[in-house]
Amino acid sequence: MTRTNTTFARTARGFSMLELTFVIVVIGVLLGVAAYSLSGGTDRAKQRASAATLETIKRALQQFNAYENRYPATLNDLIGAKYLENKPLVDGWNRNLFYAPNPENPERPFELRSLGADGVNGTPDDIDGWNLNAPTNRPAGT
């Protein structure tokens with residue numbers, strides 16, 4: 001009987017330190033992958049919100065032009081003329097939008113864009129108000 005008790009005692013010790021360490025490492029890797037995936041979703045949501053804002057402002061600019069036969073000097077003129085609600089005109093990253101009338105170019109009579117995640121004008125992540133249906137440049141994996 002002592003032999004059976006000794007065998008049972010050896011097999012019922014639990015997990016080794018190596019096994020526990022391995023499980024903790026696997027859990028850490030899974031959490032890291034999940035966090036990376038969720039952060040990409042946040043950027044996509046901000047891009048979509050910015051594109052929707054740009055589309056709304058673009059339509060308001062075109063309506064303003066239809067009635068006034070010109071484009072406003074600033075986006076705030078759209079609020080003053082009641083073409084837009086009195087809300088901040090910002091993109092998904094809570095930054096001011098870039099707007100500049102361009103009367104010399106009938107194809108694109110104004111520039112309207114969000115400066116994207118980096119906030120720098122002229123970089124690939126900018127969202128152009130004239131190309132809202134074009135695919136945006138996204139980092140790999142998002």
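Considering the range 53-80, and only residues there that are surrounded by fewer than 13 Cβ atoms within 10 Å (Cβ to Cβ) and of a type in the set (A, V, I, L, M, F, W, C), the residue that is nearest to residue 114 (Cα to Cα) turns out to be 73. Taking the condition surrounded by fewer than 14 Cβ atoms within 10 Å (Cβ to Cβ), at pLDDT 90 or above and either touching a Gly at 6+ places or on another chain (Cβ under 8 Å) or over 15 Å from residue 49 (Cβ atoms) (or both), does residue 124 pass? So residue 124 passes the test.
Of 3, 13, all but one fail to be modelled with pLDDT under 85, assigned to a helix (DSSP H, G or I), surrounded by fewer than 10 Cβ atoms within 10 Å (Cβ to Cβ) and not hydrophobic (A, V, I, L, M, F, W, C); the exception is 3. Under 7 Å by Cβ, and 6 or more places apart or on different chains, what pairs join a residue from the range 64-75 that is over 12 Å from residue 102 (Cβ atoms) with one that is part of a helix (DSSP H, G or I)? What qualifies is 64/78; 72/64; 72/78; 75/57.
Filtering the range 110-120 to residues that are assigned to a loop (DSSP other than H, G, I, E, B) and touching a helix residue (DSSP H, G or I) at 6+ places or on another chain (Cβ under 7 Å) leaves only 117.
Conditions (1) at pLDDT 95 or above; (2) surrounded by fewer than 11 Cβ atoms within 10 Å (Cβ to Cβ); (3) assigned to a strand (DSSP E or B); (4) at negative phi, marked per residue:
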| position | (1), (2), (3), (4) |
| --- | --- |
| 28 | no, yes, no, yes |
| 33 | no, yes, no, yes |
| 36 | no, no, no, yes |
| 40 | no, no, no, yes |
| 82 | no, yes, no, no |
| 85 | no, yes, no, yes |
| 92 | no, no, no, yes |
| 99 | yes, no, yes, yes |
| 105 | no, yes, no, yes |
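Scanning the range 63-106 for residues that are over 26 Å from residue 123 (Cα atoms), of a type outside the set (Val, Ile, Thr) and under 26 Å from the mean Cα position of the chain (by Cα) turns up 78, 84, 85, 86, 87.
The values are calculated or read from the model by the stated rules, or taken from the named source; none is laboratory data. Everything numeric in this text was worked out from a predicted model, so none of it was measured. Methodologically, a virtual Cβ is constructed for each residue, glycine included, from the backbone with ideal geometry; neighbour enumeration extends over all protein chains shown.
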